[in-house]
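The values are calculated or read from the model by the stated rules, or taken from the named source; none is laboratory data. If you're wondering where the values come from, they're calculated on a predicted model, not measured in any experiment. Here the Cβ positions follow ideal geometry from the backbone for every residue, glycine too, while neighbour counts run over all protein chains shown.
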Amino acid sequence: MSQPPDHDPNHADQPPGNPQSQPNPQWYGQQPPQPPQQYGLGGFPAGSQPYPQPGTPQQYPGYGQYPPPPGVDPYSGQPLSDKSKIVAGLLQLLLGTFGAGRFYTGHTGMALGMLFTCGGCGIWALVDGIMLLVNGGTDSEGHVLRNN
C-alpha cells in the first residue's frame with residue numbers, strides 16, 4: 001500500500017498535508033522562530049537605507065548631532081567661546097610674563113598670578129602658551145576656545 005507523497009511515516013500521529021498549516025503544540029502562546037534576516041550589499045539589512053539622506057542631521061552615539069549646530073565644538077559637544085585659542089596662545093607666548101593670554105581668556109586669577117611672578121620666571125608663561133596653542137582650553141565661562 002502506498003502512502004501519499006506528503007505523508008511522513010515518522011510522524012504518523014500528524015495528518016497529511018502542509019506542515020505549515022498545522023499548529024505546533026510547542027509554539028502555543030509564543031511566536032514561532034523567524035527566518036534569518038537577509039542582508040544586502042555592504043552588510044546592511046535588505047531594503048534599508050544604510051546612509052543618511054543629504055541635508056538631514058543624524059544622531060551618532062557619543063558624538064551628538066552631525067553636522068554639529070553652529071557654536072558647538074564638534075569633538076566635545078561643548079559650546080564654543082567667542083575667543084580664539086591661537087590669539088590666546090600667541091599672547092601668552094609673547095606677553096606671558098604679564099599674563100596677557102589669561103587676561104584675554106578671562107582667567108584673571110591665573111593672569112594676576114603670572115603678573116606677580118613674571119610668568120613663573122618665564123617658564124610658566126612659555127609652557128602655558130604652548131598648551132593653549134596645542135590643546136586649546138576654555139574661557140572663564142567654561143566654553144571651548146575656537147580653533148581660528
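Quick notes
- Cross-chain or 6+ apart pairs with Cβ under 6 Å, region 121-134 first and in contact (Cβ under 8 Å) with a residue 40 or more places away in the chain, then of a type outside the set (G, A, S): G129/Q92; G129/L93; L132/K85; L132/Q92
- Counted residues, region 92-129 - those being closer than 23 Å to D82 by Cβ and of a type in the set (A, V, I, L, M, F, W, C): 10
- Qualifying residues in region 86-143 (those that are under 29 Å from the mean Cα position of the chain (by Cα) and of a type in the set (D, E, K, R)) - the one surrounded by the fewest Cβ atoms within 10 Å (Cβ to Cβ): E141
- Screening G42 with (1) part of a helix (DSSP H, G or I); (2) at pLDDT 90 or above; (3) among the small types (G, A, S) gives one miss only, at (2).
- Taking every residue in region 70-96 that is basic (K, R) and pairing it with any residue that is part of a helix (DSSP H, G or I), at least 6 positions away or on another chain, the pairs with Cβ-Cβ distances below 8 Å are K83/Y104; K83/T105; K85/L132; K85/L133.
- If you go through region 88-114 and keep only what is of a type outside the set (F, W, Y), part of a helix (DSSP H, G or I) and touching a Lys or Arg at 6+ places or on another chain (Cβ under 9 Å), you end up with A88, L91, Q92, G96, T105, T108, G109, M110, A111, L112, G113, M114.
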